[in-house]
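Have a look at the structure below before the remarks.
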Amino acid sequence: MDRREDYAVSPGKVFLNHGSFGATPLPVLQAARALRAEAESDYPAFWHERAFPLLDASRRAVCDYLGVPGSRGVFLRNSTTAMQTVVDHLTLREGDHVVTTSREYEATVVLMRRLAARGVVVETVDGRYAGLVERIIDAVGPRTRAVVVSHVTSPWSQVNEVEAIAEELSGRGVATVVDGAHTAGALTLPRPRPGVFTCLTLHKWLHMPKGTGFLVVPEDAVDDLRPVVTSWYAEADDLPSRFSWTGTDDVVPHLVGAEAVAYQRGLEGDGLTEHWRSLTALAEDLLLELPEVSTLPLAPRAPSMVAVRLHGLDPVSVLRRLHERNVDLWCGSTDEGPVLRLSVAPYTTAEDVEQGVDVLRDVMTGAAAA
């Protein structure tokens, strides 16, 4: 697979960080630009005649691709907004208990701190893969209202057994809130069941423009879930209408779901999964040849990402030096020590991986010498 011509990545840039931001394919961007030009030429007409039918068709295309009932998925700005929407819906009060893990995304960690500040009891269990399901279920008690857990942990790229967690919690009156920032386009969603909310980002592996998140809502919450911003349609009878317009905003990124899904299906037919597998295997082999790198504890990993542990290096310095040499990947500190994550995309080649790791080797050598 070689889709480099489909993306506007800067020439000379070795971009191995699609898992953070990624690049939107040109066919999707072109569709969005055409809609934006149409909207700006006569926005009132676009709003009255075009925006809502386009939004509904786009939303249904995404629901169909994800295997979600058409009445149960809605666009939001990002998965963080989706998480906040669910937390607000649960109306957590002082003394309520929430279980989460030590391997959650920083935005979720902050959200949990804000809950704790108002008296919600937030219990954080060890987020490492081995025994995670058991630790989460053992922590659930009579005052537990929700379990908040990532489908794929960032930056470890560990795939958690969210389906098993949701099944264990089924019928216990405990919501399962899944941070699915790396799910759509890469992994199968948790099966729809009561109490399971899946918060998605679509600009990573489903190739929609930035500013496109998605929330999959369980049937038992469809009637009363509301957007965090109260605007015109917040009191509408059906879920999609309530989330269709939350104030004047750039709605264009949400209108190109059909184009993004079509592009994704084309990639899948062109061997996307094998492309991911071969490049991440190559990356892992090359990374583990570096003396400052070792494996993380064994766990299932996201198909397009590989993460390793760093030793004896300042990740901020490593990242800065990489950027100076036009290489982009994720490198940072965690409670378990420095971690480096490399992710690949349709525009990534074996040569990119080899060049990126070669530069990383030089940077590590220089950082160690310093």
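The values are calculated or read from the model by the stated rules, or taken from the named source; none is laboratory data. As the structure is a computational prediction, the values presented were derived from the model and not from experiment. Neighbour counts run over all protein chains shown; Cβ positions are idealised from the backbone, glycine included. The protein model used for the area step is the full one, side chains on, heavy atoms only, and it has no ligands, DNA or RNA in it. Shrake-Rupley method; radii C 1.70, N 1.55, O 1.52, S 1.80 Å.
Roughly how many debye, to the nearest 20, is the charge dipole of the chain about its Cα centre, given +1 on each Lys and Arg Cβ, -1 on each Asp and Glu Cβ, and no other charges? Let's see the in-between values first.
Numbers: 35 positive and 50 negative charges, 101 e Å.
Around 480 debye, computed over the chain.
Heavy-atom accessible area per residue, region 250-297, 1.4 Å probe: how many Å²?
Roughly 42 Å² per residue, with all protein chains present.
With just the Cα atoms defining each centre, how far is region 67-135 from region 1-33? Give it in Å.
31 Å
In Å and from the alpha-carbon atoms only, list the Rg and Dmax of region 112-179.
Using the Cα atoms of region 112-179, the pair Rg, Dmax is 11.9, 32 Å.
In Å², and per residue, what accessible area does region 59-156 have when probed at 1.4 Å with the other protein chains present? Could the numbers behind the result be given before it?
Values: 4060 Å² over 98 residues.
Accessible area per residue, region 59-156: 41 Å².
Given an 8 Å cut-off on Cα distances and at least 6 residues of separation, report the relative contact order of region 240-370 as a percent.
Relative contact order, region 240-370: 25 percent.
Taking the full set of protein chains and a 1.4 angstrom probe, give the accessible area of TYR105 in square angstrom, rounded to the nearest 10.
110 Å²
Counting Lys and Arg as +1 and Asp and Glu as -1, what is the net charge of the other residues whose Cβ lies under 14 Å from the Cβ of HIS151?
0
To one decimal place, what Kirkwood hydrodynamic radius in Å is obtained for the chain from all pairs of distinct Cα atoms?
Averaging 1/r across every pair of different Cα atoms and inverting gives 21.6 Å.
If the only charges are +1 at each Lys and Arg Cβ and -1 at each Asp and Glu Cβ, what is the size of the charge dipole of region 218-368 around the Cα centre, to the nearest 20 debye?
Working: 11 positive and 27 negative charges, 106 e Å.
Roughly 520 debye for region 218-368.
Pick from VAL316, VAL256, VAL87: which is most flexible by mean-square fluctuation in a GNM of the chain where alpha carbon atoms under 10 Å apart are linked?
Sorting by GNM fluctuation, first place goes to VAL316.
Taking each full run of DSSP H in the chain as one helix, which ones are at least 27 Å long along their axis (Cα atoms) and have mean Kyte-Doolittle hydropathy of at least -0.5?
Correct list, ordered by number: 350-369.
In debye to the nearest 20, how big a dipole does region 319-370 give about its Cα centre with +1 on each Lys and Arg Cβ and -1 on each Asp and Glu Cβ?
Dipole of region 319-370, to the nearest 20 debye: 160 debye.
Along the charge dipole of the chain, Cβ charges K/R +1 and D/E -1, which of HIS275, LEU111, PHE52 sits furthest on the positive end?
It is LEU111, whose Cα lies furthest towards the positive end.
Using a 1.4 Å probe, how large is the accessible area of HIS254, given in Å² and rounded to the nearest 10?
We get 20 Å² for HIS254.
Measure off, as a whole percent, the carbon and sulfur share of the 1.4 Å-probe accessible area of the chain, all protein chains present.
Details: 7920 of 15810 Å².
Heavy-atom surface of the chain belonging to carbon and sulfur, 1.4 Å probe: 50 percent.
What number, rounded to the nearest 500 deg cm²/dmol, is the helix-based mean residue ellipticity at 222 nm of the chain, given -39500 (n - 2.57) per DSSP H run of at least four residues and division by all its residues?
My calculation for the chain gives -11500 deg cm²/dmol from helical runs alone.
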